[in-house]
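One structure is given below, encoded as structure tokens.
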Amino acid sequence: MAQFYFLSVVANLAASLVLGGEYFAEKMPLLKCFMDLMSRRSARIALGVSAFAIGVLKLFIMSPGERVPVVGDLLPAVMGIGLGALLIAQINPDKVERAAESIRKISRTGLTYRVPVAIAGIVTATLHFLFPGLLLL
């Protein structure tokens, strides 16, 4: 389904831009308008939940030209799940602190390296857009 493929690319790109927002807004002043729009908590939660849900669904819905069911979109799906989870963890740090120790460790590590994770998300979304039939992308 081509629409879901494009939705996956857009969700990963938007979640990456929001996750590394301060860094990207400093480098590209054009993104300040986007960051002002995404500064509301409800917008960030909606984007995080949608990126997470699209990542999970991407494991089961195949892109155009894809031949291998789960592995074909593994990297964009995992990136969407990770970006969505990090956005939600960034918004709700008090709930993360009350969670299990393993979740706290993963959240702290991911949020510490949120700019490299965001850059990896942008690269993954761009490559997934340019090469839809490539295995693992």
- Highest to lowest packing among 75-82, 113-120, 28-35, scored as the average C-beta count within 10 Å: 75-82, 113-120, 28-35
- Taking +1 at the Cβ of each Lys and Arg and -1 at the Cβ of each Asp and Glu, which of ALA99, LEU111, PHE4 sits farthest along the dipole of the chain towards its positive end, judged by Cα position relative to the Cα centre? ALA99
- Query: LYS58: which aspartates and glutamates have alpha carbons under 15 Å from its alpha carbon, excluding same-chain residues fewer than 8 sequence positions away?
  - Reply: GLU66, ASP73
- Message: Run the helix sum for the chain: -39,500 (n - 2.57) per DSSP H stretch of 4+ residues, divided by residue count, reported at 222 nm to the nearest 500 deg cm²/dmol.
- Response: -23500 deg cm²/dmol
- Message: With unit charges on the beta carbons (Lys and Arg positive, Asp and Glu negative) and the dipole taken about the Cα centre of region 1-56, which residue among ALA15, ALA43, ALA53 sits farthest to the positive side?
- Response: ALA43
- Using Cα pairs under 8 angstrom and six or more residues apart, how large is the relative contact order of the chain, in percent? 36 percent
- Query: What is the distance, in nm, between label points placed 7 Å from the Cα along the Cα-to-Cβ direction at THR126 and at ILE45?
  - Reply: 3.3 nm
- Looking only at lysines whose Cα falls under 27 Å of LYS32's and that sit 8 or more positions away or on another chain, we get none
- Query: So between LEU111 and ASP36, what do we pick up on full extension, going 0.36 nm a residue minus the alpha carbon distance?
  - Reply: 25.0 nm
- Note on the structure: Exposure proxy check on LYS58, LYS27: fewest-to-most Cβ neighbours within 10 Å is LYS27, LYS58
- So, with +1 on the Cβ of K and R and -1 on the Cβ of D and E, and no other charges, what is the size of the charge dipole of the chain about its Cα centre, to the nearest 20 debye? 240 debye
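FYI, it's all coordinate maths here, none of it is from the lab. The model shown is predicted, which means the values in this text are computed figures rather than measured ones. Heads up, the Cβs are rebuilt from the backbone with ideal geometry, glycines too, and the neighbour counts pull from every protein chain shown.
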